[in-house]
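Enquirer: Below you'll find the structure I mean.
The values are calculated or read from the model by the stated rules, or taken from the named source; none is laboratory data. The model shown is predicted, which means the values in this text are computed figures rather than measured ones. Cβ sites come from the backbone with ideal geometry, for glycine too, and all protein chains shown count toward neighbours.
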Amino acid sequence: MTETAAISNASMIAGDTVLVQFNLNGKDVTVEVQAFSSLAEVLRERLQLTGTKIGCGSAECGACTVHLDGVAVPACVTLAATIDGRSITTIEGLSPDGEPTALQRAFLEGGAFQCGFCTAGMMMSAAALLQRNSCPSDQDIKMALQGNICRCTGYVQIIEAVRKACR
Ligand code: FES
Ligand code: FES
């Protein structure tokens with residue numbers, strides 16, 4: 001579906017404002033958004049889910065990665081108006097029961113972050129990989145994380161953490 005078609009499926013309520021209904025971290029939500037607001041902006045500024053970071057704003061760094069119907073996508077270039085009827089998972093919803101997942105424990109125990117700015121996006125890309133491939137190779141992990149940039153930790157500990165999480 002094109003973005004224009006997706007927007008027209010959502011409810012236009014006034015001028016460039018759109019009402020979207022979607023599942024967010026397991027709960028149905030309805031939110032009024034500007035037609036051209038990014039999903040990342042809506043998550044952070046309207047829904048106070050600030051775990052999703054905005055770095056480049058142009059699908060280059062991966063800091064804003066969330067799951068859209070289970071697929072890792074950059075929320076900074078996803079129009080919020082196009083997610084009507086879809087399912088979004090953010091880093092806040094990665095562990096529905098509040099207990100750290102194996103992936104989160106592996107990042108923590110393996111020192112797979114320093115400043116942490118990239119970490120939510122890294123985990124969301126890695127979690128999407130582990131959901132479709134419970135035992136990925138190092139090459140699979142590198143491919144899954146190729147859109148996620150880390151400026152301070154380096155990638156060795158991050159790849160090791162994903163590898164450990166699948167054991
Ligand atoms: S902020 Fe979305 S990819 Fe960089
Ligand atoms: S931990 Fe700082 S950018 Fe990755």
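Table: residues versus (1) more than 15 Å from the chain's Cα centre (by Cα); (2) in the same structural domain as ILE54 (by TED's automatic domain parsing); (3) within 15 Å of GLY51 (Cβ to Cβ).
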| site | (1), (2), (3) |
| --- | --- |
| THR89 | no, yes, yes |
| GLU109 | yes, no, no |
| GLN114 | yes, no, no |
| SER134 | yes, no, no |
| ILE149 | no, no, no |
| VAL156 | yes, no, no |
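Enquirer: Name the residues in region 31-61 that are surrounded by fewer than 22 Cβ atoms within 10 Å (Cβ to Cβ), touching a residue at least 60 places away in the same chain (Cβ under 8 Å) and not hydrophobic (A, V, I, L, M, F, W, C), would you?
Expert: Answer for region 31-61, where residues must be surrounded by fewer than 22 Cβ atoms within 10 Å (Cβ to Cβ), touching a residue at least 60 places away in the same chain (Cβ under 8 Å) and not hydrophobic (A, V, I, L, M, F, W, C): GLY51, LYS53, GLY55, GLU60.
Enquirer: For residues that are farther than 10 Å from ILE88 by Cβ, under 13 Å from the mean Cα position of the chain (by Cα) and among the hydrophobic types (A, V, I, L, M, F, W, C), tally how many sit in region 19-41.
Expert: So the count comes out to 1.
For every residue, the table says whether it meets (1) more than 12 Å from ILE158 (Cα to Cα); (2) at pLDDT 95 or above; (3) not assigned by TED's automatic domain parsing to the domain that holds ALA161.
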| residue | (1), (2), (3) |
| --- | --- |
| GLY57 | yes, yes, yes |
| CYS61 | yes, yes, yes |
| HIS67 | yes, yes, yes |
| VAL71 | yes, yes, yes |
| CYS76 | yes, yes, yes |
| LEU79 | yes, yes, yes |
| PHE117 | yes, yes, no |
| MET122 | no, yes, no |
| ALA128 | yes, yes, no |
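Enquirer: Answer yes or no as to whether THR30 is within 24 Å of CYS150 (Cβ to Cβ) and either away from ligand 1 (no atom under 14 Å from the Cβ) or modelled with pLDDT of 95 or more (or both).
Expert: Judged against the criteria, THR30 is not a match.
Enquirer: Give the residue that is surrounded by the most Cβ atoms within 10 Å (Cβ to Cβ), with candidates limited to residues of region 114-143 that are of a type in the set (A, V, I, L, M, F, W, C) and away from ligand 2 (no atom under 16 Å from the Cβ).
Expert: ALA127
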